[in-house]
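Just below is one structure, and these are the notes that go with it.
Just so you know, all these numbers are worked out from the coordinates, no wet-lab data involved. If you're wondering where the values come from, they're calculated on a predicted model, not measured in any experiment. Glycine also receives a Cβ, built like all others from the backbone with ideal geometry; neighbour counts cover every protein chain displayed.
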Amino acid sequence: MESDQSPIEVKNLCKIFQDEGRGKLEAVSNVSFECRGGEIFGLLGTNGAGKTTTLRMLATLLKPTSGNAFIMGHGVESEPRQVRESIGYLSTTTALYPRLSCRETLEFFARINGYAEEGIEERANHLVDRFGLTEYADARIERLSTGMKQKVAIARTVAHDPAVVILDEPTNGLDILNVLDFHKLMRELQEAGKTVLFSTHTMSEAEKLCDRIAVIHRGRIMACGTLDELRQKSSQHYLEDIFVWLLDQQGEDPAATLGST
């Protein structure tokens with residue numbers, strides 16, 4: 001990757017689905033943003049805003065209808081293998097293998113993503129310790145609670161120590177203590193120089209963690225910038241109020257939109 005190129009570059013990305021009943025549905029429309037090295041970047045929007053579709057295209061799981069995106073300089077369409085080697089991706093729908101243990105899961109995902117074989121055992125042990133999984137390290141995934149499964153899912157996302165981490169609604173299913181530990185993990189990834197892109201509909205989470213935020217609604221980016229830049233643009237202080245202000249500028253009914261989440 002050239003030094004002046006951001007780890008994630010999204011350029012006019014579009015995704016149109018064909019629905020039998022409603023015809024063409026534009027889930028993502030001309031979305032553009034970049035995530036800089038060592039940055040925590042939030043994609044903020046209500047349910048159905050286009051967050052998951054955008055992230056799935058970046059992870060090469062969906063083919064864009066038009067536009068393009070680049071991860072560590074690799075095009076998501078032209079070099080999907082190199083993109084997948086560069087990222088750790090957490091999906092809201094990716095299930096863990098129920099009959100594997102926590103430790104086996106971490107070793108498996110490190111191995112298939114190209115982590116050096118001689119370091120896999122040590123890496124898995126480190127993650128077991130870091131994520132508080134010691135008591136459950138050799139328990140099968142199928143025996144874990146929803147929250148513990150989510151912790152394992154996050155751990156396996158970073159098992160191969162990727163340069164770019166993409167997380168779709170990562171705190172779903174976590175209790176408050178584990179959410180706080182996840183926030184600590186995000187800072188650790190940033191301090192290690194990773195680029196982190198995560199989606200959320202939780203305003204306070206985006207407010208607390210993100211260096212920059214892109215607000216997406218109905219598949220379009222309504223605003224992008226630091227929290228201070230968004231405050232200056234809207235003359236609002238809290239992210240919830242900024243979000244409502246942006247909806248109002250688009251002629252949307254904030255009450256109807258927020259009530260659908």
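Remark on the chain: hydrodynamic radius 19.1 angstrom, per the Kirkwood mean of 1/r across alpha carbon pairs. Compute the helix-to-body angle for 102-112: its Cα long axis versus the longest principal axis of the chain, expressed 0 to 90° and rounded to tens. Computed tilt is about 70 degrees.
Shown for F198, F108: other C-beta atoms within 10 Å of each C-beta, ranked fewest to most, produce the order F108, F198.
For the listed peptides 201-211, 165-175, a ranking on the average number of other beta carbons within 10 Å per residue, highest first, reads 165-175, 201-211. If both residues of a DSSP beta bridge must be in the chain, then about 55% of such bridges are antiparallel. Across the range 30-146, the convex hull enclosing all Cα atoms gives 147 Å³ per residue. Listed by chain and number, the lysines whose alpha-carbon sits under 19 Å from that of K15, ignoring those within fewer than 8 places in the same chain, are K24, K51, K63. Panel order for V179, V215, by other beta carbons found within 10 Å of each beta carbon, from fewest to most: V179, V215.
Using just its DSSP H runs of length 4 or more, each adding -39500 (n - 2.57), the chain gives a mean residue ellipticity at 222 nm of -10500 deg cm²/dmol after division by all residues.
Secondary structure note: in the range 110-261, about 50% of the DSSP beta bridges are antiparallel.
Could you put Y97, Y89 in order, starting from the residue whose Cβ has the fewest other Cβ atoms within 10 Å? Ranked by crowding around the Cβ, least crowded first: Y97, Y89.
Seen against the Cα atoms of the chain and their longest principal axis, helix 176-191 is set at about 90 degrees.
Among 30-43, 121-134, sorting by the average number of other beta carbon atoms lying within 10 angstrom of each residue, highest first, gives 30-43, 121-134. Axis angle, to the nearest 10 degrees, between helix 239-249 and the longest C-alpha principal axis of the chain: 40 degrees.
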